[in-house]
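Colleague: Can you read through this structure? Questions will come right after.
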Amino acid sequence: MNRQSLIIDCDPGVDDAVALMLAFAAPALELLAVTTVAGNVPGRLTQRNARMMRQIAGREDVPVFGGAERPMKRPPAGAGEFHGPEGLGDLEPFEPAAIVGDGPAANAIVDLVMRRPEGSVAVAVLGPMTNLALAMRREPRLAERLGPVVVMGGARSEGGNITASAEFNIWADPDAAAVVFGSGCSVVAFGLDVTHQVRATEPRIEAIEAVESEPARTATAMLRFSQRVERTVVGWQAAPLHDACPIAWLMAPELFELKPCRIEVETQSDLTRGHTAVEFRVDAAAARHHWAVKADGQGVFDLIAATLGAAA
Ligand code: BDR
Ligand code: CA
């Protein structure tokens, strides 16, 4: 099997945690590192939470590097309402046995990508894009060396979830997102248009709950917490599982439909800060960006249950 080399940059976060459990269990992915950023909760918590997930998954072979404590130009935001004060819902926090890797996330991304063949390392960004933008600033050749950058972020037809027109990850650090989308690297974006099609309905949660393993129990706890928040705060019955989408696409691209496009991020206006302008009138063959428009929600959940089940 040709395994896809991958770095996951994230801000766990309950849906980041499910995405990590999926990636840790996926034989098709060669996970080189997990890097963390301040986002849903402060950086010291996202870094600890990633190490907690690594320990629960039994994947101490994968290094975790802590990254940016704040966005490039703006004060830190947070989404504790959706993730709990510690970032992992009501999971009891603990200090993991294995420590964090040496040096900041941006350095780790540069080192891991530049040391490997051109185009061979994918980066999944599941939080604000600060670390990858800082890495690009540090190493100007990074963008042309990267494999696909798969991103949970942005909103078009669904509208925003933090403002009328912006999705949280892009809104939190629009300047970083503008650097990444403007860098010339290939980006596949999974925005709210598609993550809202991947919802954790009760039978889908139960299928994961039926897997007897610690990673599956943890994923179930994350999904149940999100379900409660979604019902009380948003008013929907089933919560979207945003961050698992880019990981699922790397494993099973047939679960999604993408459209070639050009994406630009609003950084000037306060009103539309972080809006993703998605232009489909492009030369498809030359397009560097793709926007996910359709997802097989049941297929994504089947993939998670099957992957966690096979690893149990
Ligand atoms: C994104 O924002 C975060 O709260 C989630 O983890 C996800 O990455 C959804 O807008
Ligand atoms: Ca996230």
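Colleague: Once ligands and nucleic acids are excluded and a 1.4 Å probe is used, how much of residue 271 is accessible, expressed in Å² to the nearest 10?
Modeller: 140
Colleague: Can you tell which of 210, 122, 248 shows the greatest fluctuation in a Gaussian network model of the chain with Cα springs below 10 Å?
Modeller: 210
Colleague: Run the dipole for segment 4-311 about the Cα centre, Lys and Arg Cβ at +1, Asp and Glu Cβ at -1, nothing else charged, and hand back the magnitude in debye, nearest 20. Present the calculation step by step, with values, prior to reporting the outcome.
Modeller: Details: 27 positive and 39 negative charges, 124 e Å.
Roughly 600 debye for segment 4-311.
Colleague: OK, next. What is the log10 of I(q)/I(0) for segment 184-312, computed with the Debye formula using one identical point scatterer on each Cα and no solvent, at q = 0.11, 0.18 Å⁻¹?
Modeller: -0.47, -1.00
Colleague: At a probe radius of 1.4 Å, what is the per-residue accessible area of residue 273, in Å² to the nearest 10?
Modeller: That residue has around 40 Å² of solvent-accessible surface.
Colleague: In addition: Taking the full set of protein chains and a 1.4 angstrom probe, give the accessible area of residue 302 in square angstrom, rounded to the nearest 10.
Modeller: 80
Colleague: With a 1.4 Å probe and all protein chains in place, put 243, 270 in order of accessible area, largest first. Write out the running numbers ahead of the final one.
Modeller: Working: 243 5, 270 135 Å².
Descending accessible area places them as 270, 243.
Colleague: Could you compute Rg(Cα) / (2.2 N^0.38 Å) for the chain, with N its residue count? Please list the in-between numbers first.
Modeller: Values: Rg = 17.5 Å, N = 312, 2.2 N^0.38 = 19.5 Å.
The chain yields a ratio of 0.90.
Colleague: Something else: Take residue 231, project a point 7 Å from its Cα along the Cβ direction, then tell me which residues of segment 206-221 have their backbone nitrogen under 17 Å from it.
Modeller: What the label zone holds, given the 17 Å backbone N cut-off, is 206-207, 209, 220-221.
Colleague: Report ³J(HN,Hα) in whole Hz for each residue of segment 85-98, in order, from the Karplus equation J = 6.51 cos²θ - 1.76 cosθ + 1.60 where θ = phi - 60°; Gly and Pro get x.
Modeller: Karplus values, whole Hz, x for Gly and Pro: x, 9, x, 10, x, 9, 5, 5, x, 9, 8, x, 5, 8.
Colleague: I've got another one for you. For the chain, which whole-number percentage of the solvent-accessible area (1.4 Å probe, protein heavy atoms only) is attributable to carbon and sulfur atoms? Intermediate values should be presented prior to the final figure.
Modeller: Values: 6290 of 12390 Å².
Whole-percent figure for carbon plus sulfur exposure: 51.
Colleague: Can you tell me the accessible area per residue over the chain, all protein chains present, probe 1.4 angstrom, in square angstrom? Walk me through the intermediate numbers first.
Modeller: Values: 12390 Å² over 312 residues.
On a per-residue basis, 40 Å².
Colleague: Once you sort the root eigenvalues of the Cα gyration tensor of segment 72-212 as a ≥ b ≥ c, which label holds: rounded (a/c under 1.5), prolate (a/b larger than b/c) or oblate (the other case)? Walk me through the numbers on the way to the answer.
Modeller: Numbers: a/c = 1.59, a/b = 1.30, b/c = 1.22.
Taking the square roots of the gyration eigenvalues as a ≥ b ≥ c, segment 72-212 is prolate.
Colleague: Then there is this: ³J(HN,Hα) across segment 39-56 via Karplus (A = 6.51, B = -1.76, C = 1.60, θ = phi - 60°), whole Hz, x for Gly/Pro?
Modeller: 3J(HN,Hα) across segment 39-56, in whole Hz: x, 4, 9, x, x, 5, 7, 5, 5, 5, 4, 5, 5, 4, 5, 4, 5, 4.
Colleague: Can you give the charge dipole size of segment 16-140 about its Cα centre, rounded to the nearest 20 debye, using +1 on the beta carbon of Lys and Arg and -1 on the beta carbon of Asp and Glu? Intermediate values should be presented prior to the final figure.
Modeller: Values: 12 positive and 14 negative charges, 94 e Å.
Computed charge dipole of segment 16-140: roughly 440 debye.
Colleague: Over segment 67-150, what per residue volume does the convex hull of the Cα atoms give, in whole Å³?
Modeller: On the way: hull volume 10.7 nm³, N = 84.
Spelled out: Cα convex hull of segment 67-150, divided by residues, is 127 Å³.
Colleague: Also, quick follow-up: Can you list the residues, at least 5 places off or on another chain, whose amide H is less than 5 Å from the amide H of residue 5, using H built in the peptide plane?
Modeller: 30, 122
Colleague: On a 1.4 Å probe surface of the protein chains, which of 73, 259 comes out largest in accessible area, and what is the full order?
Modeller: Values: 73 160, 259 85 Å².
Result of the area sort, largest leading: 73, 259.
The values are calculated or read from the model by the stated rules, or taken from the named source; none is laboratory data. These numbers come from a predicted model, not from an experiment. Counting neighbours? That spans all protein chains shown, and the Cβs are built from the backbone with ideal geometry, glycine included. In case anyone asks, the SASA skips ligands and DNA or RNA and just uses the protein heavy atoms, side chains included. Shrake-Rupley method; radii C 1.70, N 1.55, O 1.52, S 1.80 Å.
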